[in-house]
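Working notes for the structure below.
The values are calculated or read from the model by the stated rules, or taken from the named source; none is laboratory data. In this text, all values refer to a predicted model and were calculated from it rather than measured experimentally. Counting neighbours? That spans all protein chains shown, and the Cβs are built from the backbone with ideal geometry, glycine included. Areas reflect the complete protein model, heavy atoms only, side chains present, ligands, DNA and RNA absent. Shrake-Rupley method; radii C 1.70, N 1.55, O 1.52, S 1.80 Å.
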Amino acid sequence: MTATGTTDLHAVVDSLLGKGNADPARRSGYDPELWDQLQRSGFDRVLVREPGDEEGGSFSEFGEVLTAAGANASPVPIVEASLASALVTQAGRAIPSGLIALYRTDDPLQTRGAVVFDQVPYGQHADWLTVVSPGPDGSARLHQANCDSVRVVNESTTLASEPRADLEVNVTELDELGVLPSVWQVTLQLAAARALLMVGALQRTRDLAVEYTRFREQFGGPIIRFQAVQNLVVEVVTAAEVARAMCDHMIQCIIAEETDTRRQSLAVAAARVVTGESAVTAFRAAHQIFGAIGFTKEHELHLCTTRLLSWREDDRCDRWWAQWLGREVRASGERGMWQIITGAP
Amino acid sequence: MTATSRYTALRTEVRDFISAELDSGGFVPMCDSWLNGHDPLFSRRLAERGWLGMTFPTKYGGRGRTALERFVVNEELLAAGAPVAAHWVADRQTGPLLLRFGSESQKHRFLPGIARGELLVAIGMSEPDSGSDLASLKTRATKVAGGWEVNGTKVWTSHAPHSHIVVALVRTTPRQNGDRHAGLSQMIIDLASDGVAISPIEVMTGKAHFAEVSFDGVFVPDEMLIGQEGDGWKQVTSELAYERSGPERFLSTYPLMENAVTESGPNSDRAIGGYSANLWALHLLSQGVNAALESGSVEPARPALVKNAGTLLEKRSVEIARDLLLDAVAPSATSQRLLRQAQLAQPGFTLRGGTNEVMRTMIARRWTA
């Protein structure tokens, strides 16, 4: 399969998302016009599989959209809204129009009264709130409320200045849409999607850094002449490449092992660990390359680099996934690590 | 089916062989087994199973299998710490070198022996004054009747005392202004020839895989020149892609890691998960390069990136293993032995196969050209 970020789909989405990039000020908060364009182009639906449609719902295509969104630091909840659309369809319901927020919890929903969902991505801008929570016998329930019934009780931002909101709703306003296989499946999809956003941001960070070293001149020539700078370039390049290789394989496992949740889970965990480490390495090396100018608000570098640090915290942070993976390795017996890596028990 | 799971049956075959070997005391697992585990009888047992010369065409004694199948077999052997050093360079690069650049006569003469694990090969590249700057080498081959006369000294020539031939990079045309890579050639030199002197060099691990090989008026027949005179640099560059991209660039410490994980205490999950994920990623990168080599050529910066990242992971793994064993309830004598081996061996990880500094220059150049 082709490496993530190299397909025509990626190029098209990248072009669409790139159009809004000229003014960095526009890239904070939420960009409803950009979201509207994405929706009209159908790029929020690539994960949707209609009943009877064998071709739809490609995680590989989703990956291409996500890497473009990550690279452009697009101020839209592409992960949550795309996944929500897919889950709603999976439950046999129609996708509502507007912006859909997604919240995932491991705690069963209370049966009455008001509940507060905290730190919902772009929650203050959403038209619909979709909730995934545990159902009976290991399954998951999908609920949805129109945001007319939802109250924003607190707003905050992530490390990368992306909007979050605490949303209060009475459980009677939450319509049950249906049942899904498990909460864990949704956890995996969210975590995988976050890793793919990071791959895009890593690639963009790398491209910016590489270009800068070629054209920034000091001491009579481009700074790439200095080995100390070459070492920094290698760090960013390697960080992006290692993350890409692990995420390419993660996508393969998701697509190929649709019934083998364990294999998918292992690959997602490894991808989250690797992207988390690459995030810090690329962050430090790229900012070192750019010097003071890259540290400014005006320069675009921080848009990607802060997202790298922020996204590694989301949908279970990278260290949580490292612990999960380590536990699985230890529980797999003496040759466990090698068996997991080679996919051969 | 993912690219990985396609090879499950082959991995199982190799693992069964390794189990049987371990049960019968065929070998003791070690770190750096591809460098320190020199066991010609083990190499022959592998050859009998068809796991040497796998990618050589059958008419030269090979099995006509793919580069990825070979990669899988070697990964399994290194993960088990199996003693593959005796045939390692012959199988990895000398065979492919002859297949690509050798004459028909050379292919028929040398490839079957490599595939049987009988012909042991050393690589003569580095010299006392030419390490990273290989092109500055001084070993000279002067034309004489029927062949060449070779004078000079090679160093860091692994396993030369136990090898039959050395593939030596020599200067056949004096250096002119301009292209410093021109005028170099590779020759197959019989180590039993008059004028060859070999002395082992012991390293700080206590092992003596290194050697110095001096050539004092050594006669090399014409038919031992590989390919065209003057094509030495081109040949070496293509060999290096194989040398840099293999599982020996990230699995050298795996036997230690496996023991450390098995013996680790309850608070080790995060460290184990961190290492496992990184090892997985390097395995995928390395596999990717080998898959690309299968279809032809690969941009040199790609194996360089794998080598740089993989060997740095090997170094980090030594400290991770140490931490795991410090918290272990009952660290075994085996683990302690492997940890000591790895600690002493680690300078070599990032020096051999082209130092990481040179690798980083190549990577930076490719990305900023």
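Remarks
- B:LYS107, B:LYS59, reordered so the largest accessible area comes first (probe 1.4 Å): B:LYS59, B:LYS107
- Helical contribution to [θ] at 222 nm, DSSP H n ≥ 4, -39,500 (n - 2.57), averaged over chain A, rounded to 500: -17000 deg cm²/dmol
- Dipole of the stretch B:66-137, positive direction: furthest Cα of B:LEU120, B:GLN106, B:GLY131, with charges on the beta-carbon: B:GLN106
- Residues of type lysines that A:LYS297 reaches as a straight line, Cα spacing below 23 Å, ignoring anything fewer than 8 places off in the same chain: A:LYS19
- Whether the stretch A:122-265 is rounded, prolate or oblate, judged on the alpha carbon gyration tensor where a/c under 1.5 counts as rounded: oblate
- Average Cα contact separation per residue, chain B, under 8 Å, 6 or more apart, as relative contact order %: 16
- Comparing B:TYR60, B:ALA80, B:ALA47 along the charge dipole axis of the stretch B:44-89, the residue lying farthest to the positive side is B:TYR60, per the Cβ-charge model.
- Placing unit charges on the Cβ atoms only, positive for Lys and Arg and negative for Asp and Glu, gives the protein assembly as shown a dipole magnitude near 1640 debye about its Cα centre.
- Here the relative contact order of chain A, from alpha carbon pairs under 8 Å that lie six or more residues apart, stands at 16 percent.
- Backbone phi angles across the stretch A:280-295, fed through the Karplus curve with coefficients 6.51, -1.76 and 1.60 (θ = phi - 60°), yield HN-Hα couplings of 5, 4, 5, 4, 5, 5, 5, 5, 5, 5, 7, x, 5, 4, x, 8 Hz in residue order; Gly and Pro are listed as x.
- Tail fraction, Cα-Cα pairs, the protein assembly as shown, threshold 38 Å, whole percent: 43
- Restricting the stretch A:261-342 to GluC sites (Glu not before Pro) in coil, as DSSP defines it, with at most 11 other Cβ within 10 Å: A:GLU298, A:GLU334
- Rounded if a/c under 1.5, otherwise prolate or oblate - the stretch B:3-60, Cα gyration tensor axes: oblate
- Between the stretch B:225-246 and the stretch A:277-312, the alpha-carbon center distance in angstrom: 40
- Exposed loop sites, defined as trypsin sites (Lys or Arg not before Pro) outside DSSP H, G, I, E and B with at most 13 other Cβ atoms within 10 Å, are absent from the longest region of chain A, namely A:113-296.
- Surface accessible to a 1.4 Å probe, A:HIS299 within the full protein complex, Å²: 40
- Of the GluC sites (Glu not before Pro) in the stretch A:35-110, the ones in a loop by DSSP (not H, G, I, E or B) with at most 15 other beta carbons within 10 Å are A:GLU54, A:GLU55.
- Accessible area of B:ASP216 in the full protein assembly, 1.4 Å probe (Å², nearest 10): 120
- Shown are B:PHE27, B:PHE210, whose ranking by accessible area with a 1.4 Å probe and every protein chain present, most to least, is B:PHE210, B:PHE27.
- Solution diffusion estimate, µm²/s, Stokes-Einstein, chain A, Kirkwood Rh from C-alpha pairs, 37 °C, viscosity 0.692 mPa s: 157
- Probe 1.4 Å - accessible area at A:TYR212, Å² to nearest ten: 50
- Of all DSSP-defined beta bridges confined to the protein assembly as shown, some 85% are antiparallel rather than parallel.
- Cα shape, the stretch B:1-104, gyration tensor, a/c 1.5 rule: oblate
- Kirkwood radius for the stretch A:92-182, taken over all pairs of different Cα atoms as the inverse mean of 1/r, rounds to 13.4 Å.
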